[in-house]
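Laboratory data are not the source of any read-out in this text; all were calculated from the coordinates shown. Values in this document were obtained by computation on a predicted structure and should not be read as measured data. Counting neighbours? That spans all protein chains shown, and the Cβs are built from the backbone with ideal geometry, glycine included.
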Amino acid sequence: MANTTFNGPVRSQNGFQSITTNSTTGAVTVDATFGATTSVTNLTTTNLVFTDQNHPTTAAINATATATAAEVATGYITSTSAAPTTITLPTGTSLGAAISAVKGTFLDLYVDNTAGASTVTIAVATNGILSSAAADTPGSFGDLTIASGATGLARFTIMFSSATAYVFTRTA
């Protein structure tokens, strides 16, 4: 069958499947099923960043430290520290390499301090800058301090302007 390009929504009541066919045997393999329950069996992760989802892995940072690129790439950092904690983000170069970033790549980073007893402050590192929204309104988009307890949740967006540099903004 030939490739078909649609202009507008494509709808199905029973989902969609992405398949590959073995050119020698003709065997069909279902690579992904998209529907009410989505499953993917064969997945490459080049330039793939997951956001806004349940995070199967998280990173715990409970003392002042520089987060590794792998910790930030999980998209979810928890802290349970009793003392004020500063988490410095990794350099743009190391974070960009960890997620195969290119210009336009973005990553949402959640910081969960609900079980902490003191504040957590986020700091950017080399090749990371605060967005103009963060610089212009430090009390909201530029608020880099996360309270402890019930209100101790924050979401930040990291947007790459190149493979090695990012712009950082608080978005919730």
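A compact table of results
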quantity: Length gained when the stretch Ala65-Thr171 is fully extended (0.36 nm per residue, less Cα-Cα span); calculated: 35.9 nm
quantity: Taking N as its residue count, the alpha carbon Rg of the chain over 2.2 N^0.38 Å; calculated: 1.29
quantity: Amide proton proximity set for Ala163, modelled H, under 5 Å, gap of 5+; calculated: Lys103
quantity: Mean residue ellipticity (222 nm) of the chain, computed from DSSP H runs ≥ 4 via -39,500 (n - 2.57), nearest 500; calculated: -2000 deg cm²/dmol
quantity: Likely footprinting exposure, Val111, Val28, fewest C-beta neighbours within 10 Å first; calculated: Val28, Val111
quantity: Vicinal HN-Hα couplings computed from phi for segment 10-19 (Karplus, 6.51 cos²θ - 1.76 cosθ + 1.60; Hz; Gly/Pro x); calculated: 10, 10, 8, 7, 10, x, 10, 10, 9, 10
